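Nothing in this text is a laboratory measurement; each read-out follows from the coordinates by a stated rule. Quick caveat: nothing in here was measured; it's all calculated off a predicted structure. Ideal geometry is used to build each Cβ from the backbone, glycine not excepted, and the neighbour counts take in all protein chains shown.
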Amino acid sequence: MTQDFLLSLAQAITKGLLTGMVYGLMALGLSVIFGVMRVVNFAHGEMMVVGMYLAWAAFDYAGVNPLFSLPVIALLFFAMGYALQRGLIQPFINRPEHQQFLLLLAIATIVVNLCLALLGPDSRSIQLDSQFDSYELGPLVFDAVRVHAAVAAIAIATLLFLFFTRTRIGKAIRAAADNHMGALVVGLDVRRLYAITFGIGAACVGAAGALMITIIPVTPFLAAEYTLLAFVIVIVGGLGSMTGALMGGLLIGVSEAVAGLLGQPSLKSMFSFGLLIVVLLLRPQGLLGRKDSR
Amino acid sequence: MNVRAVAGLSILLALLLAAPLLLGGYWLSVLILVLYFAYVGQAWNIMMGFAGQLSLGHALYAGLGGYVAAGLYTHYGIGPWMGVFAAVGAAVAAGAIVGYLGFRFSLAGVYFALLTIAFGEFTRIGFDNWDWAGGSGGMFLKVERGVSDLANLRGGTVMFYYVILAMAAGAFLLCRYLLESRLGRYWLAIREDAEAAQAVGVPVLWCKMLAVTLSAALTALAGVWNAFYYNNLFPETAFAVGRSIEMTLSPIIGGLGTLFGPFVGAVVLTGLGELFTDLSDQFHVSGLKQIFYGLALLIIVMYRPAGIWPWIATRLGFEEKRK
């Protein structure tokens with residue numbers, strides 16, 4: 001009996017780790033935006049849901065696998081994020097937090113209700129050919145869909161990491177994040193860098209949405225839940241820390257899967273919010289964040 | 001306040017007192033909504049507008065207040081005028097815990113806001129699984145038609161109207177007094193620059209604690225009123241993040257830290273809400289109302305980021321000392 005339980009526990013944990021990678025990618029978008037601009041994207045879950053709907057539409061109308069529509073969705077989100085930052089958010093960069101909050105709340109309200117108005121409240125899902133495929137490793141069975149999503153998420157996160165450490169623009173963005181005044185002094189176009197950053201954050205969450213639709217169905221009502229979830233992940237991992245966001249995603253993914261195994265769905269939220277409170281109080285820089293990143 | 005402002009206020013109060021005689025049932029219920037949002041906005045404003053602490057978890061205090069008073073009434077027959085003391089006590093205790101932890105560990109801005117959200121969500125899940133409070137199935141108060149029993153807050157719309165009007169007026173007077181008091185000045189000092197305030201000897205932690213507990217106490221009263229007006233409570237809605245956010249809107253839209261801001265904001269937002277409901281009813285598209293509403297919020301925050309009231313006040317020649 002214990003043997004069985006241990007096996008199903010291990011199974012749940014691996015499932016959680018795979019889903020957690022996608023959570024991590026979603027949270028990465030929030031973290032990048034906050035880390036650079038100090039703006040909290042209260043419309044993050046709403047953007048995630050839009051990504052899910054786009055991938056669903058591409059599959060439903062043209063039969064395109066979300067893994068292939070993902071690059072297009074990410075590009076589209078980059079452009080949207082860039083334009084959104086340029087047009088609406090830039091004037092609010094130095095405004096008080098409650099005004100930024102209200103601005104993004106308004107955007108979130110519009111976005112999620114546009115989804116509702118256009119597509120209705122029904123949940124939409126896709127059925128891939130690989131739906132019932134699986135990989136086996138010893139006694140463990142991995143759903144093919146989840147493995148593909150997790151691998152894609154890791155690949156995107158790696159690309160992003162390389163972008164921030166290897167390219168000139170990536171380094172410039174990090175410079176602007178570390179020292180806003182210094183970046184202006186050496187002549188960086190900080191406004192443009194901010195717009196690019198918001199674009200990248202949006203692309204991350206759009207890509208995460210395209211991957212998420214292969215795992216769970218989408219409804220407009222998921223949006224608020226995802227916004228909160230992204231906050232929890234990012235705070236737990238450390239706001240502004242890229243590895244922190246990914247680790248936070250894994251942690252939340254696993255806790256969710258284990259709570260599901262124990263048949264106590266409310267345990268999952270209990271755990272995440274309890275963890276959020278403890279981390280906020282005892283280690284506000286996050287489990288992996290730097291001390292000064294507050 | 002100058003003469004014009006006093007005259008304007010007197011006329012407004014007279015109109016509000018006479019409103020049940022002048023208005024039909026629909027408009028009276030709209031006015032009730034306005035006063036409710038003005039009242040909770042005023043309560044929230046103490047914490048954010050006066051003391052500068054962003055709370056996005058005020059549903060916690062309203063929900064606790066409502067549940068405690070409603071629970072005492074349905075389970076033990078203890079009327080709301082007694083139950084309200086327990087309700088306020090519970091909310092003050094919760095506010096003290098959230099505030100003390102947040103301030104003691106010096107969480108500021110967004111981090112503090114997330115802490116308040118986390119406590120709200122935590123409590124929501126707790127109530128979902130708590131049988132005494134009805135769990136996720138909710139708690140219901142017995143509806144008695146045709147009764148007007150002020151002692152047990154059982155009655156019609158007019159009675160609830162006057163109760164919320166009294167609460168809104170009381171909160172207004174209290175906030176007016178607070179702003180002029182030593183504590184109010186301390187709050188402003190903390191809001192503008194907490195470190196400087198600390199340096200000149202303002203008891204920062206103590207003042208913030210007073211702000212959060214006072215704000216929680218006032219919000220709990222709104223929760224009690226709300227529970228008895230609607231006769232039902234569900235964890236899903238009573239403790240929802242959306243409920244908390246709703247409370248922040250009228251003071252932010254009206255003008256943060258001002259006395260009239262929450263009232264003006266409540267009038268504008270409730271008015272827009274009703275207007276958009278009528279408009280979208282003609283199209284039968286779900287979500288349309290919220291799209292309009294979001295657009296209105298967007299336009300207001302872009303063009304009047306400091307709120308509507310400070311702008312109106314200068315236009316009408318009223319005196320408004322603080323922004």
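Figures for the structure shown
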| read-out | value |
| --- | --- |
| Restricting the stretch B:142-157 to residues that are assigned to a loop (DSSP other than H, G, I, E, B) and of a type in the set (A, V, I, L, M), the residue that is surrounded by the fewest Cβ atoms within 10 Å (Cβ to Cβ) | B:Val143 |
| Any hit, the stretch B:304-322, residues being over 14 Å from B:Pro251 (Cβ atoms), surrounded by fewer than 20 Cβ atoms within 10 Å (Cβ to Cβ) and within 14 Å of another protein chain (Cβ to nearest Cβ) | no |
| One residue from A:Ile235, A:Ile215, A:Ile252 being touching a Leu at 6+ places or on another chain (Cβ under 8 Å) and more than 27 Å from A:Ala106 (Cα to Cα) | A:Ile252 |
| Members of the stretch B:283-303 found to be surrounded by fewer than 19 Cβ atoms within 10 Å (Cβ to Cβ), in contact with a helix residue (DSSP H, G or I) (Cβ under 6 Å, 6 or more places away or on another chain) and among the β-branched types (Val, Ile, Thr), listed by number | B:Val285 |
| Helices (runs of 4 or more DSSP H) lying entirely in the stretch B:205-323 (those with 2 or more residues that are in contact (Cβ under 8 Å) with a residue 60 or more places away in the chain) | B:235-238, B:241-254, B:261-281 |
| Residue in the stretch A:118-143 that is farthest from the other protein chains (Cβ to nearest Cβ), counting only those that are over 19 Å from A:Trp56 (Cβ atoms) and of a type in the set (Gly, Ala, Ser) | A:Gly138 |
| Selection count where residues are assigned to a helix (DSSP H, G or I) and either closer than 27 Å to A:Asn41 by Cβ or touching a Lys or Arg at 6+ places or on another chain (Cβ under 7 Å) (or both), scope the stretch A:113-143 | 7 |
| The stretch A:183-237 - residue that is in a loop (DSSP other than H, G, I, E, B) and among the β-branched types (Val, Ile, Thr) and, of those, nearest to A:Phe164 (Cα to Cα) | A:Val186 |
| Residues of the stretch A:257-277 satisfying the condition of being crowded, with 18+ Cβ neighbours inside 10 Å, over 25 Å from B:Val110 (Cα atoms) and touching a residue at least 40 places away in the same chain (Cβ under 8 Å) | A:Ala257, A:Val258 |
| Residues satisfying the stated conditions in the stretch B:229-248, i.e. surrounded by 24 or more Cβ atoms within 10 Å (Cβ to Cβ) and within 14 Å of chain A (Cβ to nearest Cβ) | B:Pro235, B:Phe239, B:Ser244, B:Met247, B:Thr248 |
| Residues located in the stretch A:236-261, provided they are over 14 Å from A:Leu18 (Cβ atoms), away from every other protein chain (no Cβ under 14 Å) and not hydroxyl-bearing (Ser, Thr, Tyr) | A:Met242, A:Gly244, A:Ala245, A:Met247, A:Leu261 |
| Enumeration of residues in the stretch B:163-190 that are over 17 Å from the mean Cα position of the chain (by Cα), surrounded by 15 or more Cβ atoms within 10 Å (Cβ to Cβ) and of a type in the set (Phe, Trp, Tyr) | B:Tyr186, B:Trp187 |
